[in-house]
Amino acid sequence: MTAALASGLATALAPTGLAQVVGPMPSGKAFHPVEIDFTALGPGGGTGDWHQDWTGGHGTQEPNPWLHCRLTGVFSHNLSGDVHVVPGFFNGDGAGYEASPPDPGGSGLLGAGVGKIWSVRFAPPRSGDWTVNFYWESDSNINVADLASYPLNSSSTVVTDIGRTLVAEPFDASAPGFLGKGLLRVDDTSTAPYLRFVRHLPNGKTTGPYYMKTGLGSPENLLGYVGFTGLDVANHASPDMDNDSPATFGVGFVHDYKVSYPVIEPTGAQAMVDKDHATDWPTGAPNWSANGLEDQGKGIIGALTYLADQGINALYMIPMNLGGDGRDAHPFAGLVPTGQPGAEEYPSERPNVQTTRVYDVKRMREWNRTFEYCMEVGLLANFVLAEQEIFNMEWLADDPVIPTDPPIMVGISRKLFLKNM
């Protein structure tokens, strides 16, 4: 943080005016995710917008909305007393994942990431009425500070919207995928550590079917996909690793989910079959525009549909592999790829500590909708949050106070990453 930014931080963050839930509270259904938007105050308590590229890409400099603001939703089930404290996140203009908003600056950083909407996502584990209290706070590094006890006392840094009601309709056994099964938990009715679905009733619970994992160990860079916002598609000579020979492995590593594979014909001859997973995209499934192109969701959504149709029910992925052996999946805004022509490869070392404190609003919406679709088709998404390569670990490390000391491995950047994920 620059001296000028630090000196003006208290004034810029001081909330005055109105901050509240946008419109009426939505209704929900047990186990189905609900997104609640909260309109916050602009920088300095005014009506202006926050920017995801707060470091100056839009011509000004102001407090980082990812770091210096925090929205928290506290959901209390009226009948059982079950309480869930749910962190919110900066959501820019609050538009959906489908849109491709205009970027007047041409930087790739504006559009969706400009606004003053924060959001909370919550999947009610029980049907019935939930009382919801929202707390929006602004202070230096507040989003990675220890969570205070709620309800909070009124102060210059807290704005509340309390006493809202979320109505969750009863569990629907006919819902698709995991949405019709319940929460996946280790079975506490057996001495063996089996996974089993649990359905919480308004007051009590019932157990559902057991879950036996039948899943994939690759690709770990599932999210290294050309159809997500912010990837430099123009630098791709061969966008899918499946088309690379061993000699060029790592060049053109990012997926487009188009593959070629050999088959043996009845005559014994070998033939190559081309497969574009966009053809597996079912009508009405998630889809979006990205990087100036339409229908960018079809490749990855089609691939997930294909896997589910083959009986696969789990897969794993690394949401941040910078510094590792892939260097093609991450949630950050404004990073520019480097490396050989045709390679979507980012630097092995982090340019500066601020790089990992600016997130791409539009890409994270696309990621979230992809994960929700996994639930809808019965694919358990397992997240690996770090690799073993030291450069990957250091991407999310903070600079030491004394330059000769080792990096701070669990500091502001890593806490922010874990919270956003």
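Within the range 376-407, the residues that satisfy the criterion of being of a type in the set (Asp, Glu) and over 19 Å from residue 214 (Cβ atoms) are 387, 389, 394, 398, 399, 405. Residue check: is residue 292 buried (at least 20 other Cβ atoms within 10 Å of the Cβ) and of a type in the set (Gly, Ala, Ser)? It is false that residue 292 is buried (at least 20 other Cβ atoms within 10 Å of the Cβ) and of a type in the set (Gly, Ala, Ser).
If you check 321, 382 for being outside any loop (DSSP other than H, G, I, E, B) and at pLDDT 85 or above, only one passes: 382. Counted as qualifying within the range 179-298 are the strands (runs of 3 or more DSSP E) with 2 or more residues that are closer than 30 Å to residue 126 by Cβ and either touching a Pro at 6+ places or on another chain (Cβ under 6 Å) or modelled with pLDDT under 90 (or both), namely 183-186, 195-201, 204-211.
Residue by residue, here is whether (1) surrounded by fewer than 14 Cβ atoms within 10 Å (Cβ to Cβ); (2) at pLDDT below 90; (3) within 25 Å of the chain's Cα centre (by Cα) holds:
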site: 118; (1), (2), (3): no, no, yes
site: 123; (1), (2), (3): no, no, yes
site: 141; (1), (2), (3): no, yes, yes
site: 154; (1), (2), (3): yes, yes, no
site: 158; (1), (2), (3): no, yes, no
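Those strands (runs of 3 or more DSSP E) of the range 28-87 in which 1 or more residues are modelled with pLDDT of 90 or more and either among the acidic types (Asp, Glu) or more than 30 Å from residue 129 (Cβ to Cβ) (or both) occupy 34-39.
The values are calculated or read from the model by the stated rules, or taken from the named source; none is laboratory data. Because the structure is a prediction, the values reported are computed rather than measured. Virtual Cβ from ideal backbone geometry, glycine too; neighbours counted across all protein chains shown.
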